Amino acid sequence: MGPRAKSAKTVAGEVAAASPEPAELGGRTWASLVEQSVREDIINGKLPAGSKLRLKELAELYQAGVIPLREALSRLCATGFVLAIDQKGFRVAPLSAEELLDLTRVRQQIDASALHDAIEAGDIAWEAEVVAAHHRLTRIPMVLPGKDGALNPEWEEAHAGFNEVLVSGCRSAWLRRFSITLRDQTARYRFLSLAVPKAARTRDVAAEHEAIVNAIVARNARVACRLLADHFQATTELVLKYMQQRKAKAAPARKPAVATELAA
């Protein structure tokens with residue numbers, strides 16, 4: 001087995017140590033590397049939703065200059081991961097039940113359209129890629145052992161690759177682009193699904209993936225698209241349950257009403 005791929009943050013740090021110049025890095029710029037690193041840390045929750053992004057702290061964390069850092073944050077504003085607030089700098093975009101429901105509905109429509117087209121147009125090579133991506137996914141544990149059920153980054157990478165391959169046979173480049181954008185946005189929420197107690201998680205994610213692949217191999221576009229939409233919905237319902245529970249715990253307890261007697 002070859003060495004594991006390095007994260008963007010690791011690559012950026014190594015390049016920073018080797019050369020202080022923010023030049024092109026193998027066809028990529030400092031801003032591109034920093035953008036990828038910040039996006040990864042927003043998705044996995046290392047940069048919490050709603051938190052303030054202080055340039056000085058981020059410059060130290062990602063070993064980058066202020067100029068490429070500002071460019072990276074501006075790009076992330078365009079994709080919805082970061083908010084730019086007048087006179088107040090940048091913040092990680094907040095999470096909300098309303099946005100999750102909206103993202104899920106749009107993703108169900110976009111990915112179902114892309115998958116339907118892929119099944120109609122995809123050749124045997126695409127089908128083989130789907131099977132191979134699924135096989136890789138089944139060989140990687142979803143959660144890290146002894147880490148309180150933390151999502152395995154290697155599984156998350158394989159899962160992203162699996163979802164990308166599903167729509168890669170689609171003939172519309174725009175549908176494929178929208179699919180990737182929506183996948184990244186919903187990934188921020190998917191991490192929350194593992195915060196739900198294991199006893200409350202009755203779904204079988206591996207079985208859901210297998211059913212989708214079987215429908216694709218059978219070239220049953222209607223069933224495959226329905227299963228994919230149900231798969232997204234199941235994750236959304238888990239996250240909504242967690243968000244509601246967290247909101248209930250954070251709400252201050254209501255004080256009991258005190259009866260008063262008025263003197264006659």
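Could you give each residue of region 226-232 its phi-based ³J(HN,Hα) in whole Hz, using Karplus coefficients 6.51, -1.76, 1.60 with θ = phi - 60°, and x for Gly or Pro?
Each residue's phi maps through the Karplus curve to give 5, 5, 5, 5, 5, 4, 5 Hz.
Given H placed 1.01 Å from N in the peptide plane, which residues other than close sequence neighbours of L53 have an amide H under 5 Å from its amide H?
The list, which skips near neighbours in sequence, is F90, R91, V92.
Give, in nm to one decimal, the length gained when the segment between L55 and R219 is fully stretched (0.36 nm per residue of separation minus the Cα-Cα distance).
54.0 nm
For region 30-39, take each phi angle, set θ = phi - 60°, evaluate the Karplus expression 6.51 cos²θ - 1.76 cosθ + 1.60, and give the result in whole Hz per residue in order, putting x for glycine and proline.
Coupling constants for region 30-39: 3, 4, 5, 5, 5, 4, 5, 5, 5, 4 Hz.
Take the alpha-carbon centre of region 129-198, take the same for region 66-94, and report the distance between them in whole Å.
Measuring centre to centre over Cα atoms gives 25 Å.
Which shape class, rounded, prolate or oblate, goes with region 118-233 when its Cα gyration tensor gives a ≥ b ≥ c as root eigenvalues, a/c under 1.5 marks rounded, and past that a/b bigger than b/c marks prolate?
Because a/c hits 1.5 or more and a/b exceeds b/c, region 118-233 counts as prolate.
Does a label point 7 Å from the Cα of S172, set along Cα-to-beta-carbon, have any residues of region 203-229 with amide nitrogen under 19 Å, and which are they?
221-229
By the gyration tensor of its Cα atoms, with a ≥ b ≥ c the square roots of the eigenvalues, what is the shape of region 100-149: rounded for a/c under 1.5, prolate for a/b over b/c, or oblate?
Oblate, because a/c is 1.5 or more while a/b does not exceed b/c.
Can you tell me how region 78-164 classifies by the Cα gyration tensor, rounded, prolate or oblate, using a/c under 1.5 as the rounded cut?
Judged from the Cα gyration tensor, region 78-164 comes out oblate (a/c at least 1.5, b/c at or above a/b).
Values quoted throughout were computed directly from the atomic coordinates according to the rules given, and no laboratory measurement underlies them. Just so you know, these numbers come straight off a predicted model, no measurement behind them. Neighbour counts run over all protein chains shown; Cβ positions are idealised from the backbone, glycine included.
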